[in-house]
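S.K.: Okay, here's the structure, questions in a sec.
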Amino acid sequence: MNDHHLILGQLEDVLTGRIVDDTHDERYRQKIARLLLETKGYDRSEIRSGQPVKVTAGGKSALVPVTFIVQWDDHMVMVLQYGPGSLITRHRPALALAKLVASDQVPVVVVTNGEEADILDGATGRLTASGLDQIPSKAQLVDRLKHHLWAPVSNLHAQMAARIVMAFEVDDRCPCDGTICRLE
């Protein structure tokens, strides 16, 4: 056992080639990564895995990892946040993280537990589709971005997003969760 995860061995990360602990959560992350690469047409160079985002709110700071960020043409275009359990409870913190990963609003936010997925409009939070098969392919996303107007995230929205992330992902995390780094 490591933190609160049962270690089943080790496996090779499909994005980086690094050897990582084989846990139930890691198996789902690898499943999603393979889906992006093999089915959805993304290139490894377009996907950032586990990128930490510095979050500061209420006098506290933490580094919160984003499961996957898809970058295209110098823009962060999609955030995919994995978490076990109910998807609806993960909408708000994932949408908030999408306001903190880049200076412009990320257009697509995906929340997934590895079996199901909700695809959300990054600006409005509106549910646009459900299901792993509905995660936009690279071609679909590029087509959508042809008409996308990039809008910066205001300081006020970033501050509110940081409070949401701090409440959901940092203050409410399992005490044995080692993925979040509090900066004291």
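S.K.: Starting from the Cα-Cα distance between T124 and D74, subtract it from 0.36 nm times their residue separation and give me the gain in nm to one decimal.
M.R.: Residue separation times 0.36 nm, minus the Cα-Cα distance, leaves 15.8 nm.
S.K.: Calculate, axis by axis, the spread of Cα positions in the range 25-111 along the three principal axes, and write the results as whole Å, longest axis first.
M.R.: Principal extents (largest minus smallest coordinate, Cα): 42, 32, 19 Å.
S.K.: Over the chain, with every protein chain in place, what whole percent of the accessible area is carbon and sulfur at 1.4 Å, could you tell me?
M.R.: So the carbon and sulfur contribution to the accessible surface is 50 percent.
S.K.: Still on this structure, I have one more. Show me the three semi-axes of the equivalent ellipsoid for the range 84-174, from the C-alpha gyration tensor (sqrt of 5 times each eigenvalue), largest first, rounded to whole Å.
M.R.: Here the semi-axes work out to 22, 19, 8 Å.
S.K.: Counting other Cβ atoms within 10 Å, keep those with at most 14, restrict to DSSP loop, and tell me which trypsin sites (Lys or Arg not before Pro) in the range 38-133 are left. List each step's numbers first, then the result.
M.R.: Working: sites: K40, R44, R48, K54, K60, R90, K99, R126; in loops: K40, R126.
Passing both the DSSP loop test and the Cβ count: R126.
S.K.: Which of D25, D121, D171 ends up with the largest GNM mean-square fluctuation for the chain, with Cα atoms connected below 10 Å?
M.R.: D171
S.K.: Show me the three semi-axes of the equivalent ellipsoid for the chain, from the C-alpha gyration tensor (sqrt of 5 times each eigenvalue), largest first, rounded to whole Å.
M.R.: Taking √(5λ) for each Cα gyration eigenvalue gives 24, 22, 14 Å.
S.K.: With a 1.4 Å probe and all protein chains left in place, how much accessible area per residue does the range 1-72 have, in Å²?
M.R.: Heavy-atom accessible area per residue stands at 54 Å².
The values are calculated or read from the model by the stated rules, or taken from the named source; none is laboratory data. Quick caveat: nothing in here was measured; it's all calculated off a predicted structure. Positions of Cβ are backbone-derived with ideal geometry, glycine not excepted, and every protein chain shown enters the neighbour counts. Ligands, DNA and RNA are stripped out before the accessible areas are found, and what is left, the full protein with its side chains, is counted by its heavy atoms. Shrake-Rupley method; radii C 1.70, N 1.55, O 1.52, S 1.80 Å.
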